[in-house]
Amino acid sequence: MTKFHDDTNCIHGPSHNEDPYGALTAPLYQTSTFHFKDAAQGAARFAGEEPGYIYTRLGNPTTRELEEKVAALEEMDDAAATATGMGAVSASVLSFLQSGDHLIASKALYGCSFALFSHMLPKFGIEVTFVDMTQPDALQNALQPNSKMVFAETPINPTMTVLDLDMIGKFAKQNGLISVIDNTFLTPLLQKPKHFGIDIIIHSATKYLNGHGDVVAGIVCGSKEHIETIKLTVLKDIGATISPHDAWLINRGLKTLSVRMERHCASAQRVAEYLEGHPKVNEVYYPGLPSHPGHRFLGKQMKGAGGVIAFEINGTLENGEAFINATKLCTLAVSLGDPETLIQHPASMTHSPYTREERLAAGISDGLIRLSVGLENVEDIIADLDQAFSHF
């Protein structure tokens, strides 16, 4: 089979659609169940002796197209689509951990991932240790005889700290751990954790993969064995599976992922450079800036720095609120990867599940602002930020 580039695979997928009726766009199979030609066929499908669809919670042609496409982009064997990004996080963890096991996680994570690990997993006897994975010995020091998994995201939400995937992948392999990386911020087009030995890759497909702010979904990529385990246990029995309609929307969004990411990255670079030179900004966190510690990974681990920026402004928390409230083009909303530029305050919004002490330990200050740079003209984005700074 011809091997295409990622931007071609975003449109066509690995198998290329061959609809029996000649439809250019793959159809939406909006059905909850599938009929069998006879009882024997139904029994054979339930027994796993015959391929085919049974019930959309267990599989659907529209969902399958999405799974195959994202798995190919991540260069993984297979994928499982989920109802939300947190569905992907929980499925990747609960499918492989049980009472008595130990998880090593990055101390800075998306707020709900942190809440799952710190508040929910211990209720079921799963121990979690949070570590600063930028420190050379942190993983080794956290290792226990019952350690089974290491979980991280890079760049980290919202601090934009970049972790060394090669180091994480080697540590996991040397110690027999399953490695899980959240690749939401960069997408498979800018970062491929598989190249560094990572076992499982997850996405909040709500974000860049869909790219239009009208879907909530997730996806997990991994080996055929890992994905089969996820599908036949947590997804089947807990039921956090994606709807066919949402899968169809993400398939549509993926067709423009390449051109969208080019624009997001180019505009974010311009905005980050503007913010770094502004007298009312103390610090800018964006790997595209030479001043950022993660800049050294560009061209090695990362093809681009992505579309998300975090920054600290001078003054009080009230100044930060005044700044956010004064924006007109930028939309005050959580999420990222939309066509619209989104601005939010992590301490009171996306990372509110942390206590203040936990937030500060993770590098999330009271004054940190996160900006998801959209697809508007970058001059208009910068002009909006500039006028907002005049309000304090």
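The values are calculated or read from the model by the stated rules, or taken from the named source; none is laboratory data. These numbers were taken from a predicted model, which means no experiment stands behind them. Because the Cβ atoms are built from the backbone with ideal geometry, glycine has one as well, and the counts that use them run over all protein chains shown. For accessibility, only protein heavy atoms count, side chains too; no ligands or nucleic acids. Shrake-Rupley method; radii C 1.70, N 1.55, O 1.52, S 1.80 Å.
Pick out, from region 80-182, the strands (runs of 3 or more DSSP E) lying fully within it that include 2 or more residues that are open to solvent by 10 Å² or more (accessible area, probe 1.4 Å) and touching a residue at least 60 places away in the same chain (Cβ under 8 Å). Quick ask: steps written out before the conclusion?
Values: elements: 102-106, 127-131, 147-153, 178-182.
Answer list for region 80-182: 178-182.
Return a yes/no flag: does region 314-324 have any residue that is under 20 Å from Lys207 (Cβ atoms), in contact (Cβ under 8 Å) with a residue 12 or more places away in the chain, small (Gly, Ala, Ser) and touching a Lys or Arg at 6+ places or on another chain (Cβ under 9 Å).
There is no residue in region 314-324 that is under 20 Å from Lys207 (Cβ atoms), in contact (Cβ under 8 Å) with a residue 12 or more places away in the chain, small (Gly, Ala, Ser) and touching a Lys or Arg at 6+ places or on another chain (Cβ under 9 Å).
Quick check on Asn282: is it surrounded by fewer than 17 Cβ atoms within 10 Å (Cβ to Cβ), over 21 Å from the mean Cα position of the chain (by Cα) and not in a helix (DSSP H, G or I)? Reasoning before the result, please.
Numbers: surrounded by fewer than 17 Cβ atoms within 10 Å (Cβ to Cβ): yes; over 21 Å from the mean Cα position of the chain (by Cα): yes; not in a helix (DSSP H, G or I): yes.
Against the criterion (surrounded by fewer than 17 Cβ atoms within 10 Å (Cβ to Cβ), over 21 Å from the mean Cα position of the chain (by Cα) and not in a helix (DSSP H, G or I)), Asn282 qualifies.
Quick check: anything in region 215-223 within 17 Å of Ile381 (Cβ to Cβ), buried (at least 23 other Cβ atoms within 10 Å of the Cβ) and in contact (Cβ under 8 Å) with a residue 24 or more places away in the chain? First the steps, then the outcome.
First pass over region 215-223, keeping only residues within 17 Å of Ile381 (Cβ to Cβ): none.
No.
Considering only region 66-79, state which residues are among the acidic types (Asp, Glu) and open to solvent by less than 40 Å² (accessible area, probe 1.4 Å). Show your work before the answer.
Here is the first cut: in region 66-79, the ones among the acidic types (Asp, Glu) are 67-68, 74-75, 77-78.
Correct list: Glu67, Glu74, Asp78.
Select, from Gly299, Gly277, the only residue that is modelled with pLDDT of 95 or more, of a type in the set (Gly, Ala, Ser) and open to solvent by less than 70 Å² (accessible area, probe 1.4 Å). Don't jump to the end; show me each part of the working.
Values: Gly299 fails: open to solvent by less than 70 Å² (accessible area, probe 1.4 Å).
Sole residue among the options that is modelled with pLDDT of 95 or more, of a type in the set (Gly, Ala, Ser) and open to solvent by less than 70 Å² (accessible area, probe 1.4 Å): Gly277.
Quick check on my filter: what residues within region 234-269 are open to solvent by 40 Å² or more (accessible area, probe 1.4 Å), farther than 16 Å from Ser204 by Cα and not in a helix (DSSP H, G or I)?
Once the filter is applied, which keeps residues that are open to solvent by 40 Å² or more (accessible area, probe 1.4 Å), farther than 16 Å from Ser204 by Cα and not in a helix (DSSP H, G or I), region 234-269 yields Lys255, Thr256.
Under 7 Å between Cβ atoms, which residue pairs at least 6 apart in sequence (or on different chains) link something in region 329-354 that is touching a residue at least 60 places away in the same chain (Cβ under 8 Å) with a partner that is outside any strand (DSSP E or B) and among the charged types (D, E, K, R)?
Close Cβ pairs (under 7 Å, with a partner that is outside any strand (DSSP E or B) and among the charged types (D, E, K, R)) amount to Ser335/Lys207; Leu336/Lys207; Gly337/Lys207; His351/Arg359.
Could you say which residue among His195, His226 is open to solvent by 20 Å² or more (accessible area, probe 1.4 Å), touching a Leu at 6+ places or on another chain (Cβ under 9 Å) and not in a strand (DSSP E or B)? Walk me through how you get there before you give the answer.
Working: His226 fails: touching a Leu at 6+ places or on another chain (Cβ under 9 Å).
Just a single option satisfies the conditions, and that option is His195.
Go through (1) of a type in the set (Val, Ile, Thr); (2) buried (at least 18 other Cβ atoms within 10 Å of the Cβ); (3) without any contact (Cβ under 8 Å) to a residue 24 or more places away in the chain and name the single condition Thr63 misses.
Only one criterion is unmet by Thr63, namely (3).
Could you count how many residues in region 327-355 are crowded, with 17+ Cβ neighbours inside 10 Å, more than 14 Å from Asn157 (Cα to Cα) and touching a helix residue (DSSP H, G or I) at 6+ places or on another chain (Cβ under 7 Å)?
Here the count works out to 4.
Scanning region 40-57 for residues that are touching a strand residue (DSSP E or B) at 6+ places or on another chain (Cβ under 8 Å) and either buried (at least 24 other Cβ atoms within 10 Å of the Cβ) or not hydroxyl-bearing (Ser, Thr, Tyr) (or both), which turns out nearest to Ile181 (Cα to Cα)?
Within region 40-57, the subset touching a strand residue (DSSP E or B) at 6+ places or on another chain (Cβ under 8 Å) is 54-57.
From what's left, either buried (at least 24 other Cβ atoms within 10 Å of the Cβ) or not hydroxyl-bearing (Ser, Thr, Tyr) (or both): 54, 57.
Values: Ile54: 31, Arg57: 25 Å.
My answer is Arg57.
What tally of residues in region 185-221 results from selecting those that are under 26 Å from Gln174 (Cα atoms) and of a type outside the set (Lys, Arg)?
14
All but one of (1) under 24 Å from Ile250 (Cα atoms); (2) open to solvent by less than 10 Å² (accessible area, probe 1.4 Å) hold for Arg370; which doesn't?
Here Arg370 clears every test but (1).
So how many residues does region 373-392 have that are within 22 Å of the chain's Cα centre (by Cα) and open to solvent by 10 Å² or more (accessible area, probe 1.4 Å)?
Just the residues of region 373-392 that are within 22 Å of the chain's Cα centre (by Cα), to begin with: 373-375.
Restricting the remaining residues to those that are open to solvent by 10 Å² or more (accessible area, probe 1.4 Å) gives 375.
Qualifying residue count, region 373-392: 1.
Thr316 versus (1) open to solvent by less than 40 Å² (accessible area, probe 1.4 Å); (2) out of contact with any Cys (no Cβ under 6 Å at 6 or more places or on another chain); (3) among the hydroxyl-bearing types (Ser, Thr, Tyr): which is the lone unmet condition?
The number of the failed condition is (1).
Touching a helix residue (DSSP H, G or I) at 6+ places or on another chain (Cβ under 8 Å), modelled with pLDDT of 95 or more, open to solvent by less than 40 Å² (accessible area, probe 1.4 Å) and assigned to a strand (DSSP E or B): does that describe Leu289? Full working, then the answer.
On the way: touching a helix residue (DSSP H, G or I) at 6+ places or on another chain (Cβ under 8 Å): yes; modelled with pLDDT of 95 or more: yes; open to solvent by less than 40 Å² (accessible area, probe 1.4 Å): yes; assigned to a strand (DSSP E or B): no.
Here the answer is no, as Leu289 does not meet what is asked.
Yes/no per residue for (1) among the polar types (S, T, N, Q); (2) modelled with pLDDT under 95; (3) closer than 30 Å to Lys194 by Cβ:
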{"residue": "Arg270", "(1), (2), (3)": "no, no, no"}
{"residue": "Tyr285", "(1), (2), (3)": "no, no, yes"}
{"residue": "Pro293", "(1), (2), (3)": "no, no, yes"}
{"residue": "Leu317", "(1), (2), (3)": "no, yes, no"}
{"residue": "Gly320", "(1), (2), (3)": "no, yes, no"}
{"residue": "Leu329", "(1), (2), (3)": "no, no, no"}
{"residue": "Leu336", "(1), (2), (3)": "no, no, yes"}
